[in-house]
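Just below is one structure, and these are the notes that go with it.
The values are calculated or read from the model by the stated rules, or taken from the named source; none is laboratory data. What you are looking at is a predicted structure, and each value in this text was computed from that prediction instead of being measured. Neighbour counts run over all protein chains shown; Cβ positions are idealised from the backbone, glycine included. We work out accessible area using only protein heavy atoms, side chains counted, and drop any ligands, DNA or RNA first. Shrake-Rupley method; radii C 1.70, N 1.55, O 1.52, S 1.80 Å.
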Amino acid sequence: MPITAQRATPALAWPALTREAKPWTRWWWLGSAVDSAGITAQLGELAAAGFGGVEVTVIYGAKGADSSYIPYLSRPWVDMIAHTATEAHRRGMGLDLPQGSGWRMGGPSVVPADANTSLSVRVDSVAGGDTWHAQLTGRWLETAFAQSGDEERLAIPFDQGRVSWKAPPGKWIIYVAETRFSGDNVKRPAPGGEGPSIDPFSAKATANYLAMFSDRMSSIPRGAIRSYFHDSFEYTGDASSDLFTEFRKARGYSLGSEVPALAGRGDVDHIARVKSDYRQTLDEMLLKNFVEHLTNWSHARGALMREQAHGSPGNLLDLYAASDIPETEIFGVLRGPDADPLINKFASSAAHVAGHRLASAESFTWLGEHFTATLDQVKQAADRMFLAGINHLIYHGTAYSPPKAAWPGWQFYASTEFNPRNAAWRDLPAFNQYVARVQSFMQAGEPDGDVLLYWPIADNWHDATGRRMDFRVHDPKWFHDKPFGKLARQLHESGYGVDYVSDRQLSNHVTSQGGRLRAHSASYSALVVPSTVHMPPETFARMVELSRQGANVIFLGELPSDVPGLSRLDERRATLAAATRAIAWSATSGGVRIASVGKGRVYAGDDLAALLAASGVRRDPLAEQEELQLIRRKSAVGRDYFVVASRHIDRWVPLAGSPASVALMDPMSGRAGGARMRRVGSHVEARLQLDSGQSMILRTFDKLVRATAWSYADSAGAPVAVRGSWTVSFVDGGPVLPKAFIGDSPVAWTGRGDDDADRFAGTARYTINFDAPDGASRHLLTLGKVAESARVKLNGRELGVLFTSPFTIETGLLRPTGNTLEVEVTNVSANRIRDLDRRGVEWKIFRDINFVGIDYKPFDASQWPVRASGLLGPVTLQPIVDREPPAGARPFP
């Protein structure tokens with residue numbers, strides 16, 4: 001689509017671009033080697049680039065800068081945080097802060113009793129008459145017993161330290177369960193933050209750590225921190241000093257008596273049930289003793305809590321929802337097991353169901369190899385997160401670097417380099433403005449989904465293999481290999497708006513009103529239950545109650561047949577069986593069984609499409625268009641859609657309901673106007689014209705709204721090449737500015753035998769004078785191949801910044817003769833970093849992991865080929881018009 005300037009009326013004005021609407025960035029302080037002048041200057045650069053806030057994360061330092069390190073949580077360090085808050089607020093920015101350095105909370109204040117803990121299950125054999133010896137120093141023994149072949153058990157007396165036990169006649173298997181320090185220390189700690197990580201399952205450990213943190217941070221005024229933050233769950237411990245006590249309280253039997261099951265010995269179903277109870281207990285302890293504790297602590301200080309729950313062994317939906325800003329992440333390439341929008345939906349679903357306005361994402365973590373990610377790739381990744389319901393991007397990220405540090409300055413090993421030293425920074429403000437405009441809509445209104453999809457986590461937990469079960473964003477087989485994940489993908493790819501819901505959330509957040517499910521401001525047509533074996537009877541009862549109140553509940557396959565865990569097994573089985581038998585199937589239609597329950601209905605069957613149709617769940621007509629991906633929100637005046645075209649589309653598209661007005665708002669250019677509309681039968685259609693990869697905000701209004709009509713671009717002739725002499729001059733970048741050159745066509749500045757150009761990272765200006773090719777009043781300028789972004793100026797007038805294919809922009813009126821086109825092209829920094837590594841320049845000077853590539857091997861760009869950079873063309877002009885609408889169509893009112 002072309003980009004032109006066009007004034008929007010108040011009805012079509014963009015929402016306020018608040019600090020939350022703007023993107024934020026993680027700001028790494030290496031060694032906390034910062035000073036007030038540097039903080040002030042770099043916050044100014046971030047604000048000017050369009051960032052709304054920073055999250056300060058302190059990590060290991062740079063070599064040679066030891067004298068500048070500021071110890072973590074020291075008085076000078078706290079003063080730097082206070083200065084950062086003051087300077088950020090002065091610029092209308094916000095400040096977030098983790099309650100720890102690096103990641104994994106912990107440090108020198110953590111005593112052994114509060115340290116991260118692992119469960120060790122030891123199995124030995126001993127013959128009658130022999131003595132079994134064990135050295136248990138440094139461990140906490142939970143239980144020890146010997147079991148004979150006929151299931152007789154004898155307790156082994158123990159005290160902390162050395163244990164000796166003489167076996168009676170017979171053959172004996174000895175089982176010992178002990179907890180001990182896991183070995184987890186703070187990962188990538190800042191100077192002064194080194195030490196063991198805490199036990200996140202322990203309320204005491206969490207409270208003790210936060211008390212220390214509160215004391216050190218006591219001079220920071222209330223409200224200075226927008227939100228505290230906890231990074232992804234990378235603690236390896238699988239136990240706690242309170243585990244065995246809490247397990248007995250919650251499950252009603254002794255975990256110590258089930259050590260053989262923990263060791264994987266016995267009946268497979270019995271083992272799975274014990275491990276399910278163990279996993280559920282860890283989940284409950286993590287939620288109550290850690291995540292909810294962090295949130296309550298933050299609220300007491302006038303702050304929010306941002307939480308990355310993924311990687312933990314708890315129910316992600318509940319852990320995300322227990323914070324104020326659930327945060328997911330993507331890692332690596334745009335498409336692959338570590339960048340699945342269906343995994344990102346766990347965070348956005350938690351936000352929608354729990355009534356939180358923001359759902360954030362650690363964004364662009366190692367989007368590609370260092371110094372190679374383009375703004376086009378960044379936009380594609382951002383759009384995928386927006387489509388998953390994420391509306392608050394936190395870039396990963398920006399490293400503080402002293403002004404005197406030689407290029408490329410200080411860097412972090414797992415980031416996409418969003419810093420002023422990266423060549424791509426020059427055009428980053430245009431992308432940031434795009435993000436802010438999209439997020440301004442994504443943060444407004446209310447979620448508007450089609451179905452709630454139940455996550456039967458008990459089916460995950462009922463697994464006899466392994467012990468702790470982690471729910472990671474990286475290669476999430478726990479999702480893809482289960483009926484839940486397969487159904488989520490089927491619904492998503494079929495165009496249904498779906499959010500996930502947990503057992504707890506069904507009880508705590510979901511109600512039935514007017515035949516629809518409601519979760520705070522979000523509403524849904526039905527609850528969909530994937531093929532499920534193990535379901536808590538309380539959950540099934542809640543589903544029946546929701547149906548009784550008027551909701552539609554859909555079971556794909558049979559009703560659940562069993563309960564999870566071992567606790568009160570017979571009693572709970574009987575309860576579930578009685579509840580499922582009480583569902584009286586009264587009708588069957590097209591393979592769908594139907595039961596009326598109170599004001600609602602329960603449906604069951606094997607055909608998803610038939611089930612959805614029978615229950616009245618309808619796809620949004622716009623979601624049925626193969627070229628489009630979308631997410632929908634309700635507004636006070638209608639509906640708002642964020643739409644992305646997977647391929648070119650230029651046709652009439654049907655819309656839900658009968659909107660009185662339809663508007664198009666381009667987040668890339670900011671232009672807005674009324675869409676052309678027509679009525680076909682009983683529904684309304686609007687004309688939509690998008691290039692592949694282009695995104696748009698489409699708004700529908702329940703009432704007439706008057707505004708300037710959207711200007712469409714219809715071809716009025718064949719494209720004509722822009723011919724003449726191109727002058728190429730270098731305007732910004734390094735290591736030095738190459739010599740200017742002239743060509744008869746646009747070409748890359750690399751590969752011409754100029755070593756300075758081959759190592760250059762920065763911006764070159766391509767200039768040509770030309771005459772208008774025809775008498776048309778409107779033209780579409782196409783730049784062809786651009787490596788990698790372009791600022792376009794025509795006759796001294798700024799047209800816009802382009803960083804996505806097909807690099808087209810509308811010119812406005814051309815002069816008959818003597819037009820001057822200037823295209824300032826900026827590349828990425830790959831060629832310059834390649835040059836440093838080829839010359840052996842020591843720029844990788846960081847402690848800890850130093851600087852590695854995406855394969856976690858030492859980074860080395862010396863063997864990279866020179867990357868093509870510049871304007872490669874062909875550059876063309878195409879006459880365009882806005883053709884008269886066909887009969888039956890009407891312009892925007």
How many Å² of accessible area per residue for the chain, probe 1.4 Å?
36
Checked against a 30 Å limit on the C-alpha separation, the offending pairs among K22/K345; K288/K379; K599/K634; K63/K379 are K288/K379; K63/K379
Can you tell me the dipole magnitude for the chain around its Cα centre, using point charges on the Cβ only (Lys, Arg +1; Asp, Glu -1), in Debye to the nearest 20?
1900
Could you look at the range 48-109 and say what percent of its accessible area is carbon and sulfur, using a 1.4 Å probe and all protein chains?
55
How high is the relative contact order of the range 87-165, given as a whole-number percent (alpha carbon pairs under 8 Å, six or more residues apart)?
23
So how do 481-494, 445-458 stack up, highest first, on mean other-Cβ count within 10 Å?
445-458, 481-494
Scattering profile of the range 448-554 from the Debye formula, Cα beads only, expressed as log10 I(q)/I(0) at q = 0.15, 0.22, 0.23 Å⁻¹, is -0.65, -1.24, -1.31
Round to a whole number: what % of the accessible area of the range 764-852 belongs to carbon and sulfur, probe 1.4 Å?
46
The chain: relative contact order from alpha carbon pairs under 8 Å, six or more residues apart, as a whole percent, is 12
Which is farthest toward the positive dipole end of the range 524-660 among V637, Y524, G591, measuring Cα position about the Cα centre, with Cβ charges +1 (Lys, Arg) and -1 (Asp, Glu)?
V637
Antiparallel bridge percentage (DSSP; both residues within the range 563-647; nearest 5)
100
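Using the Cα centre as the reference, give the magnitude of the dipole from point charges on the C-beta atoms of the range 743-893 (Lys, Arg: +1; Asp, Glu: -1; all else neutral), rounded to the nearest 20 debye. Spell out each step's value before the answer.
Working: 19 positive and 20 negative charges, 46 e Å.
My answer is approximately 220 debye.
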Computed on Cα atoms, Rg of the range 337-494 relative to 2.2 N^0.38 Å comes out at 1.22
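Against the empirical 2.2 N^0.38 Å scaling, what ratio does the C-alpha Rg of the range 367-429 come to?
So the Cα radius of gyration is 1.20 times the expected 2.2 N^0.38 Å.
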State the Cα centre-to-centre distance between the range 527-557 and the range 407-456 in whole Å.
37
What are the ³J(HN,Hα) couplings of the range 29-43, residue after residue, when phi is run through the Karplus curve with 6.51, -1.76, 1.60 and θ = phi - 60°? Round to Hz, x for glycine and proline.
9, 6, x, 6, 7, 10, 9, 4, 5, x, 4, 4, 5, 6, 5
Between the range 69-101 and the range 219-258, how far is it from one alpha carbon centroid to the other, in angstrom?
27
Would you please state the base-10 log of I(q)/I(0) at q = 0.13, 0.25 1/Å for the range 287-371, with intensities from the Debye formula using one equal scatterer on every alpha carbon?
-0.43, -1.16
In whole percent, the fraction of accessible protein surface over the range 494-584 that belongs to carbon or sulfur atoms, probe radius 1.4 Å, stands at 50
How far is helix 341-354 tilted, in degrees, relative to the longest principal axis of the Cα atoms in the chain, given as a value from 0 to 90 rounded to the nearest 10?
70
Projecting the Cα atoms of H299, A761, P169 onto the charge dipole of the chain, where Lys and Arg contribute +1 and Asp and Glu -1 at Cβ, the residue farthest towards the positive end is H299
Across all directions of projection, what mean area in square nanometres is found for the Cα convex hull of the range 695-811?
10.1
Rounded to 5, the percent of DSSP beta bridges in the chain classed as antiparallel:
70
Please give the FRET efficiency for D124 paired with E842, using the beta carbon to beta carbon distance and R0 = 45 Å, rounded to the nearest 0.05.
0.30
How many angstrom lie between the C-alpha centres of the range 288-364 and the range 504-524?
20
Projecting the Cα atoms of L559, S512, A541 onto the charge dipole of the range 501-578, where Lys and Arg contribute +1 and Asp and Glu -1 at Cβ, the residue farthest towards the positive end is S512
Mean projected area (nm²) from the convex hull of Cα positions in the chain is 41.1
If you plug each phi of the range 465-477 into the Karplus form 6.51 cos²θ - 1.76 cosθ + 1.60 with θ = phi - 60°, what whole-Hz ³J(HN,Hα) values come out, in order, with x for Gly and Pro?
8, x, 9, 6, 10, 9, 10, 9, 7, 8, 6, x, 5
